[in-house]
Amino acid sequence: MEINTPTAPMIDLSRHQDGSSDTSAFARDVAEGLSTKYKTLPSRYFYDGTGSRLFQQIMDLPEYYLTRSELEVLTQNKKNMAGQFSQGGPFHLIDLGAGDALKTKLLLQELTAQQRNFDYVPVDISKDAMLELSDSLQQELPQLKVEAVVGEYFQALEWLQENKDGRKVVLFLGSNIGNFKAEESITFLQSIRSYLHAGDQLLMGVDLRKDPGVILKAYNDEAGITAAFNLNLLDRINRELGADFNVDQFCHHAIYNPLEGVMRSFLVSKQAQDVHISEAGLTVHFDAWEAIHTENSYKYSIPQVEELGRQCGFAVDTVFYDRQKGFADVLFSVA
Ligand code: TRP
């Protein structure tokens with residue numbers, strides 16, 4: 001379904017076009033995650049209004065190097081990247097999980113300055129984010145052709161398949177790939193690959209393996225913002241699913257495993273307690289010091305990234321680094 005705003009065209013593929021959230025899916029996912037022996041909660045529910053604001057604060061923390069590192073990668077390499085995107089002629093620049101597109105704007109400015117022939121298709125699950133982005137781009141780069149898509153990644157790729165001919169350059173920035181388990185990241189990239197053709201490209205952000213102490217601090221900051229962000233998930237369940245989590249009786253705990261290269265975040269119950277979740281029709285028991293696993297953030301080595309690409313039908317063209325080589329944006333082409 002197409003909705004034309006006064007500023008730029010926008011496609012809304014989401015099931016809840018009125019902006020309401022899918023409470024029953026949330027309730028189902030929470031019930032499922034808290035009914036297993038090792039409790040888990042899906043990380044996609046971190047980002048309600050409060051969670052998104054807290055994540056903005058995380059990105060400004062001195063310890064959370066990821067966003068700054070990727071900004072540096074893009075700042076230092078945008079000329080080269082823009083040139084490589086444009087080698088095959090006109091293209092659609094598809095930005096999966098665009099958000100406020102703070103990082104992508106560096107590339108958009110560069111591509112516009114180089115007078116490249118492309119249009120910009122930001123994709124995000126948040127309609128508000130896409131409205132704001134369309135507006136701000138209209139102000140900042142009025143000559144840029146923008147068509148935002150509101151929806152899940154694969155809904156959007158399917159829509160593009162049917163509605164946009166021509167070459168595609170897909171952006172998957174921010175090390176979001178790190179939040180998938182090994183098998184999930186393969187399925188995800190294979191599925192992206194299935195929508196692409198010879199000559200198409202993928203630029204993917206990956207946080208690289210580094211001093212474990214540096215990684216650990218990024219997920220366990222001094223000011224406690226990451227703790228608040230993690231604990232907000234319980235607040236959200238209280239607000240939206242009528243639960244009675246006593247949030248003070250849980251604490252944030254994060255550990256890095258350098259063998260697997262994974263940062264894991266948990267919420268730990270400080271006492272034995274029962275929690276009732278009305279919307280899920282469920283009472284959950286926690287033993288003292290029982291944990292809920294809330295997030296994985298995998299860190300990669302470059303050989304691992306190459307291998308991942310190979311398994312999914314991509315070949316590495318160029319690896320762009322920050323000065324410290326702690327973060328990379330990897331340009332793949334369809335193999
Ligand atoms: N997914 C992001 C990451 O892995 C966001 C994040 C930062 C995060 N800190 C966190 C997720 C703490 C859960 C817990 O970097």
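The values are calculated or read from the model by the stated rules, or taken from the named source; none is laboratory data. This is a predicted model, so every value here is computed, not measured. Methodologically, a virtual Cβ is constructed for each residue, glycine included, from the backbone with ideal geometry; neighbour enumeration extends over all protein chains shown. When the accessible area is computed, the model is the full protein with side chains, heavy atoms only, and any ligands, DNA or RNA have been set aside. Shrake-Rupley method; radii C 1.70, N 1.55, O 1.52, S 1.80 Å.
Quick one: in the range 279-308, which of the residues that are among the small types (G, A, S) and either surrounded by fewer than 12 Cβ atoms within 10 Å (Cβ to Cβ) or in contact with a Pro (Cβ under 7 Å, 6 or more places away or on another chain) (or both) is nearest to A228 (Cα to Cα)? Outline the logic, then answer.
Applying the first criterion (among the small types (G, A, S)) to the range 279-308 yields 280-281, 288, 291, 297, 301.
Imposing the further condition that a residue be either surrounded by fewer than 12 Cβ atoms within 10 Å (Cβ to Cβ) or in contact with a Pro (Cβ under 7 Å, 6 or more places away or on another chain) (or both) reduces the set to 281, 288.
Details: G281: 26, A288: 21 Å.
The selected residue is A288.
Checked against the criterion of being outside the structural domain of L202 (by TED's automatic domain parsing), among the charged types (D, E, K, R) and not in a strand (DSSP E or B), the range 76-83 contains not a single residue that satisfies it.
Yes/no per residue for (1) touching a residue at least 24 places away in the same chain (Cβ under 8 Å); (2) out of contact with any strand residue (DSSP E or B) (no Cβ under 6 Å at 6 or more places or on another chain):
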site	(1), (2)
E32	no, yes
K39	yes, no
Y45	yes, yes
D48	yes, yes
D60	no, yes
T67	yes, yes
T75	yes, yes
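Consider the range 204-220 and keep the residues that are near the ligand (Cβ under 9 Å from one of its atoms) and part of a loop (DSSP other than H, G, I, E, B). The one that is nearest to D329 (Cα to Cα) is Y219. Name the residues in the range 111-148 that are over 23 Å from Q87 (Cβ atoms), open to solvent by 20 Å² or more (accessible area, probe 1.4 Å) and in a helix (DSSP H, G or I), would you? Listed by number, the residues that qualify are K127, D128, A129, L131, E132, D135, S136, Q138, Q139, E140.
Restricting the range 150-192 to residues that are open to solvent by 30 Å² or more (accessible area, probe 1.4 Å), within 16 Å of the ligand (Cβ to nearest atom) and part of a helix (DSSP H, G or I), the residue that is nearest to I11 (Cα to Cα) is Y153.
With the requirement that a residue be at negative phi and either of a type in the set (D, E, K, R) or without any contact (Cβ under 8 Å) to a residue 24 or more places away in the chain (or both), what does the range 309-335 give you? Answer for the range 309-335, where residues must be at negative phi and either of a type in the set (D, E, K, R) or without any contact (Cβ under 8 Å) to a residue 24 or more places away in the chain (or both): R310, A315, V316, D317, V319, D322, R323, D329.
Entry remark, the range 221-261: residues being part of a loop (DSSP other than H, G, I, E, B) and surrounded by fewer than 16 Cβ atoms within 10 Å (Cβ to Cβ) number 9 in total.
All of (1) in a helix (DSSP H, G or I); (2) among the charged types (D, E, K, R); (3) open to solvent by 10 Å² or more (accessible area, probe 1.4 Å); (4) within 16 Å of the ligand (Cβ to nearest atom) hold for D100 with one exception: (1). Just to be sure, is S35 open to solvent by 50 Å² or more (accessible area, probe 1.4 Å) and at pLDDT below 95? The answer is no for S35.
So, Q304, is that one more than 25 Å from Y38 (Cβ to Cβ) and assigned to a loop (DSSP other than H, G, I, E, B) or not? Walk me through it before giving the result.
Working: more than 25 Å from Y38 (Cβ to Cβ): yes; assigned to a loop (DSSP other than H, G, I, E, B): no.
Considered against the rule, which asks whether it is more than 25 Å from Y38 (Cβ to Cβ) and assigned to a loop (DSSP other than H, G, I, E, B), Q304 comes out as no.
Among residues of the range 277-298 that are under 30 Å from L66 (Cβ atoms) and within 16 Å of the ligand (Cβ to nearest atom), those with a Cβ under 6 angstrom from a residue that is of a type in the set (S, T, N, Q) and open to solvent by 40 Å² or more (accessible area, probe 1.4 Å), sequence gap 6+ or separate chain, pair up as H293/T40.
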